[in-house]
Amino acid sequence: MEEKIIAVAAGREITEAEFNAFVARVPQEQQQFVQTPEGRHQALTQYANYFLFEKMGEEKGYDKTAEFLEILEGTKRELLSQYALTQLVKDVTASEEECKAYYEEHQELFQQGAQARAKHILTPSEEEALRILNDILAGKVTFEDAAKENSSCPSGAKGGDLGTFGRGQMVKEFDEAVFNGKVGEVMGPVQTSFGYHLIRVDELSEEGTAPFEVVAEQIRQHLVAEKQNELYMAARAELIEKYGLEFK
């Protein structure tokens, strides 16, 4: 199948595949933008400019100068070094068994305070909160739909979902209601400096050790990094032994 040509710069055909590979190397923080039509156009313009100015450099003989060749040699050295290091550690992994063993041996690292996941509906008046509460209790509307229709908090768009938070992260009155409440029960109105809240706690966990499932990825990343560093140090020692290293 013939590759799709999306631009021609200085006589050089740019294929969609090679441009996509260029886009994939864009820093992570810019990835969202380069996936938009405007971002892709800017990225393609930048990529095409490389070929235009490459031609200018060749015509002026810059690629033959001692300064350029020195820069080229240094860049090659850095890239080859980084590539060799990447190849050295790319296959390092940490098994689930290793992660679980680390978790069991280092329980003190995974202690957490009480956690809650809750939804709320924020209203400017107690009367409004009571009206909504009565509708919810009567089954006229779900808590989530009531939040979408009535809550003045931005979380209303998500059915009032505040996500997971720890004790002490919310204002005092709200915090006390949540961590002294019962899961699944609609509480309120609770008055705070923001207004009147109806609150429903969906999950509540006491202070203690975080479950393995919650910290498994954190442990895996730690073990992989630890193994990669050990491999790097061992390889470096071998290279020094083989090729030498002396600071003067």
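The values are calculated or read from the model by the stated rules, or taken from the named source; none is laboratory data. Everything numeric in this text was worked out from a predicted model, so none of it was measured. We place every Cβ from the backbone using ideal geometry, glycine too, and count neighbours over all the protein chains shown. Side chains are part of the model used for accessible areas, which takes the heavy atoms of the whole protein and leaves out ligands, DNA and RNA. Shrake-Rupley method; radii C 1.70, N 1.55, O 1.52, S 1.80 Å.
Overview of results
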{"quantity": "When residues of segment 172-188 are limited to those that are β-branched (Val, Ile, Thr) and either surrounded by 15 or more Cβ atoms within 10 Å (Cβ to Cβ) or within 20 Å of residue 132 (Cβ to Cβ) (or both), the one farthest from the chain's Cα centre (by Cα)", "calculated": "186"}
{"quantity": "Wholly enclosed strands (runs of 3 or more DSSP E) of segment 149-236 bearing at least 1 residues in contact with a helix residue (DSSP H, G or I) (Cβ under 8 Å, 6 or more places away or on another chain) and either among the β-branched types (Val, Ile, Thr) or free of Cβ contacts under 8 Å to residues at least 12 places away in the same chain (or both)", "calculated": "186-192, 195-205"}
{"quantity": "Subset of segment 128-171 (residues that are open to solvent by 30 Å² or more (accessible area, probe 1.4 Å) and among the β-branched types (Val, Ile, Thr))", "calculated": "141, 142, 164, 171"}
{"quantity": "Failed condition for residue 81, given (1) surrounded by 12 or more Cβ atoms within 10 Å (Cβ to Cβ); (2) within 30 Å of residue 235 (Cβ to Cβ)", "calculated": "(1)"}
{"quantity": "Residue selected from segment 28-69 under the condition in contact (Cβ under 8 Å) with a residue 12 or more places away in the chain and basic (Lys, Arg), by the criterion farthest from residue 10 (Cα to Cα)", "calculated": "40"}
{"quantity": "Contacts under 9 angstrom Cβ, first residue in segment 11-27 being more than 18 Å from residue 54 (Cβ to Cβ) and free of Cβ contacts under 8 Å to residues at least 40 places away in the same chain, partner open to solvent by 70 Å² or more (accessible area, probe 1.4 Å) and of a type in the set (Asp, Glu), 6 or more apart", "calculated": "16/3; 17/3"}
{"quantity": "The lone exception for residue 204 - which of (1) modelled with pLDDT of 95 or more; (2) aliphatic (A, V, I, L, M); (3) surrounded by 12 or more Cβ atoms within 10 Å (Cβ to Cβ) it fails", "calculated": "(1)"}
{"quantity": "Segment 193-223, subset among the β-branched types (Val, Ile, Thr) and touching a Lys or Arg at 6+ places or on another chain (Cβ under 8 Å), residue nearest to residue 125 (Cα to Cα)", "calculated": "199"}
{"quantity": "Matching residues, segment 123-156, being among the small types (Gly, Ala, Ser) and at negative phi", "calculated": "125, 129, 138, 146, 147, 151, 152, 155, 156"}
{"quantity": "Of the criteria (1) within 22 Å of the chain's Cα centre (by Cα); (2) free of Cβ contacts under 8 Å to residues at least 24 places away in the same chain, which one residue 72 fails", "calculated": "(1)"}
{"quantity": "Selection status of residue 75, in a helix (DSSP H, G or I) and open to solvent by less than 70 Å² (accessible area, probe 1.4 Å)", "calculated": "yes"}
{"quantity": "Counted residues, segment 2-26 - those being in a loop (DSSP other than H, G, I, E, B) and touching a helix residue (DSSP H, G or I) at 6+ places or on another chain (Cβ under 9 Å)", "calculated": "5"}
{"quantity": "Residue count, segment 189-216 (criterion: under 30 Å from the mean Cα position of the chain (by Cα) and not hydroxyl-bearing (Ser, Thr, Tyr))", "calculated": "16"}
{"quantity": "Out of 125, 95, sole residue that is loosely packed, with under 14 Cβ neighbours inside 10 Å, among the small types (Gly, Ala, Ser) and closer than 15 Å to residue 198 by Cα", "calculated": "125"}
